[in-house]
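So the structure is just underneath, and the comments pick up after that.
What follows is calculated from the coordinates using simple rules that are stated; it is not laboratory data. None of the values given here were measured: they were computed from a predicted structure. Positions of Cβ are backbone-derived with ideal geometry, glycine not excepted, and every protein chain shown enters the neighbour counts.
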Amino acid sequence: MDITKYVKAVARIVNDELTRENIAVANAAQKSGIPRTTLMRRLEHPDLYPFTIAELAQISDVLSVNLSTIIQHAEALASEEGE
């Protein structure tokens, strides 16, 4: 799997979940403990600044989604885009 596609897929899944749950990035940053500028960087430029596992765990708590679910959805999305 192309790592660039994967990290972009992770960011897209997180962004889509934030949108679906109607959670603003600033609010997600505050609740997760991830600095707002860091979270914005992760979402806008994942190829340069990918999420760490710790950050994904923090954001998954905010989204009330299992970390493994985010990873599984990102893997599926990256595979679809690779076709």
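Full extension of the segment from Arg20 to Gln72, taken as 0.36 nm per residue of separation minus the current Cα-Cα distance, would add 16.9 nm. Taking θ as phi - 60° and the Karplus parameters 6.51, -1.76 and 1.60, the scalar couplings of segment 46-55 work out to x, 5, 9, 9, x, 4, 8, 4, 4, 5 Hz in sequence order, x denoting glycine and proline.
Starting from the Cα gyration tensor of segment 5-49, take the square roots of the eigenvalues, sort them a ≥ b ≥ c, and report rounded, prolate or oblate (rounded when a/c is under 1.5, otherwise prolate if a/b is larger than b/c, else oblate).
Here segment 5-49 falls in the oblate category.
Extension gain for Leu48-Ser64 works out to 3.1 nm (0.36 nm per residue, less the C-alpha to C-alpha distance). GNM on the chain, alpha-carbon springs under 10 angstrom: the most fluctuating residue among Ile70, Ile59, Ile23 is Ile23. Calculated [222 nm] ellipticity per residue, helices only, for the chain: -23500 deg cm²/dmol; basis is -39500 (n - 2.57) per DSSP H run with n ≥ 4, divided by all residues, nearest 500. Computed 3J(HN,Hα) for segment 8-25, one whole-Hz value per residue from the Karplus formula 6.51 cos²θ - 1.76 cosθ + 1.60 where θ = phi - 60°, is 5, 5, 4, 4, 5, 4, 4, 4, 4, 5, 4, 5, 4, 8, 6, 10, 5, 4, glycine and proline marked x.
About its Cα centre, the chain has a charge dipole of approximately 380 debye under the convention of +1 per Lys or Arg Cβ and -1 per Asp or Glu Cβ, with nothing else charged.
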